[in-house]
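The values are calculated or read from the model by the stated rules, or taken from the named source; none is laboratory data. The structure presented is a predicted model; accordingly, all values stated were derived computationally and were not measured. With ideal geometry, Cβ positions are generated from the backbone for all residues, glycine too; neighbour counts draw on all protein chains shown. For accessibility, only protein heavy atoms count, side chains too; no ligands or nucleic acids. Shrake-Rupley method; radii C 1.70, N 1.55, O 1.52, S 1.80 Å.
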Amino acid sequence: MTAFFGRFWIDANIAISFLREGRIQSLMITLGVAIGVAVIIFITALIQGLQTNLIDSTLGSQAHIRLVSPDEVNLIAPPVDDTLQLIQEDKRPQRLRSINNWQQITDTLDQLPLLTAVSPNVSGPGFVRRGEALESVILVGTDLERYQKIIPLSEYLISGELRVSADNVLIGSELAKNLGVEVGSKLRLDSGQDDDSSRDNNFNNNLNNNSAVVNIAGIFELGVRELDARYVYLDLKQAQSLLNLPGGITVIDLTVEDIFEAEEIAAQVGRLTSLQAESWIKTNAQLLSGLTAQSLSSNMIVGFVAISVAFGIASVLSVSVVQRTREIGILRAMGATRQQILRIFLIQGAVFGLLGSIVGSGVSYVLVWSFNTFGPNIFTIPISINLILVTMSLATLTGVIAAAIPARRAAALDPVVAIRYV
């Protein structure tokens with residue numbers, strides 16, 4: 001082992017001496033590698049920051065998985081033997097209904113290690129009245145303690161208090177602006193849901209039978225205009241009463257540790273509960289396609305830059321082999337083996353990659369800092385030590401691979417012919 005490191009140290013000294021003799025060439029290729037590494041790190045960090053911002057913006061206002069009752073379907077009698085049955089079917093309208101045995105299902109889901117949060121909610125359409133103004137909204141009844149683990153409403157609250165009760169609700173900023181209300185104002189909530197005793201009544205009577213006057217306890221801003229203009233959060237029991245679902249819930253929201261495994265976990269949970277499970281990946285298919293395209297473009301840029309760096313290192317070392325043919329012949333004549341000559345040029349390639357990656361990492365930090373400080377401030381670029389280490393390792397490996405052909409050429413030189421070379 002000692003002899004191996006001794007030979008390696010001698011080869012490294014010879015390689016560095018070759019680099020010192022060609023200072024200008026070594027400096028230029030090192031700067032080229034540095035620029036390539038800086039571009040790779042900056043572009044990768046930029047794409048990662050953009051994707052993280054898009055995912056956070058999307059998942060910041062929705063659950064990773066939603067469980068709802070299966071769609072109602074028509075029951076069709078089987079055909080009689082030896083008959084041909086022709087069916088013209090109208091799909092059944094999907095009414096607002098509760099999930100059966102939701103308490104037991106919630107208890108079961110609470111025990112699953114795959115899930116990080118479980119929140120049973122009741123939601124349905126409704127109207128908000130203030131004077132002559134009438135807005136269509138979505139009434140969401142929830143247990144805030146559970147729901148906060150799904151969507152951290154406290155982080156989106158812009159005024160008032162995070163409180164829902166029989167007389168207090170939370171509304172979105174766009175809805176507050178449309179109605180001209182603020183914290184402390186009163187609203188009239190109408191669900192329009194009828195019960196068996198009022199099915200024959202007209203629409204206005206139904207509104208009167210399922211309405212409540214509430215105070216605005218807080219105003220939130222999720223950052224999605226449609227949600228800020230339509231969501232109204234209520235106490236769970238109050239929403240159940242307004243939507244004519246006493247003791248029932250319509251959806252169970254779930255979150256998972258790894259968001260990109262949500263589709264697989266949704267399938268497992270759906271089979272376990274016999275409910276219809278839908279993950280954020282399915283509901284945001286276009287977003288996922290955009291993220292995939294971004295990753296592909298980033299990988300293509302990284303690949304082309306790496307190829308450019310490799311060709312630069314290979315060209316410089318090829319010229320170095322030609323310029324130092326006489327020195328290589330002398331080393332061979334003094335007893336240097338082909339493997340030793342090969343190691344000398346491979347070490348040069350590794351030095352180019354390592355030094356260039358160190359300088360490039362520093363440049364990338366400056367680029368990231370400049371973007372975060374003077375950029376559009378839409379999102380910040382995170383830069384991790386893992387990204388730096390991986391890029392440095394890849395740059396060093398690229399330098400070694402790029403040096404392989406010139407190194408083999410140098411090792412193959414005949415010492416007698418090389419010494420005569422002038």
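Here the Karplus relation 6.51 cos²θ - 1.76 cosθ + 1.60, evaluated at θ = phi - 60°, turns the backbone of the stretch 362-369 into coupling constants of x, 5, 5, 4, 5, 5, 5, 4 Hz, with x for every Gly and Pro. 3J(HN,Hα) along the stretch 351-357: 5, 4, x, 5, 5, x, 5 Hz, from the Karplus curve 6.51 cos²θ - 1.76 cosθ + 1.60 with θ = phi - 60°, whole Hz, x for Gly and Pro. Close amide H pairs (under 5 Å, H built 1.01 Å from N) link Phe127 with Val137, Asp190, Ser191, residues at least 5 positions away or on another chain. Hey, quick one: spin label on Thr108, modelled 7 Å out along Cα-Cβ, who in the stretch 277-299 has an amide N within reach, i.e. under 16 Å? Under 16 Å, as judged by backbone N against the label point of Thr108, lie 277-278 of the stretch 277-299. Per-residue 3J(HN,Hα) values for the stretch 106-115, derived from phi via the Karplus relation 6.51 cos²θ - 1.76 cosθ + 1.60 with θ = phi - 60°, read 4, 4, 5, 5, 4, 8, 7, x, 5, 9 Hz in sequence order (x marks Gly and Pro). Step through the table entries Lys149/Lys237; Lys91/Lys149; Lys149/Lys177; Lys91/Lys186, compare each Cα-Cα distance with 31 Å, and write down the pairs that go over it. Flagged as over cut-off: Lys91/Lys149; Lys91/Lys186. Label-to-label distance for Arg92 and Arg338 is 8.0 nm, based on points extended 7 Å past Cα in the beta-carbon direction. Each of Leu296 and Asp258 was given a label point 7 Å from its Cα along the Cα-to-Cβ line. The distance between the two points is 2.3 nm. Taking all protein chains as shown and a probe of 1.4 angstrom, Ser165 keeps an accessible surface of around 40 Å².
Taking amide H atoms as placed 1.01 Å from N in the peptide plane, the amide H of Tyr231 lies under 5 Å from those of Ile138, Gly172, each 5 or more residues away in sequence or on another chain. When all protein chains stay in place and ligands, DNA and RNA are ignored, the 1.4 Å accessible-area order of Trp102, Trp369, largest first, is Trp369, Trp102. The GluC sites (Glu not before Pro) found in the stretch 103-173 that occupy coil by DSSP, while having at most 12 further C-beta atoms within 10 Å, are Glu132, Glu161.
Note the full-extension length gain between Leu389 and Asn74 as 0.36 nm times their separation in residues minus their Cα-Cα distance, in nm to one decimal.
Details: separation 315, 0.36 × 315 = 113.40 nm, distance 5.98 nm.
The span from Leu389 to Asn74 would gain 107.4 nm if fully extended.
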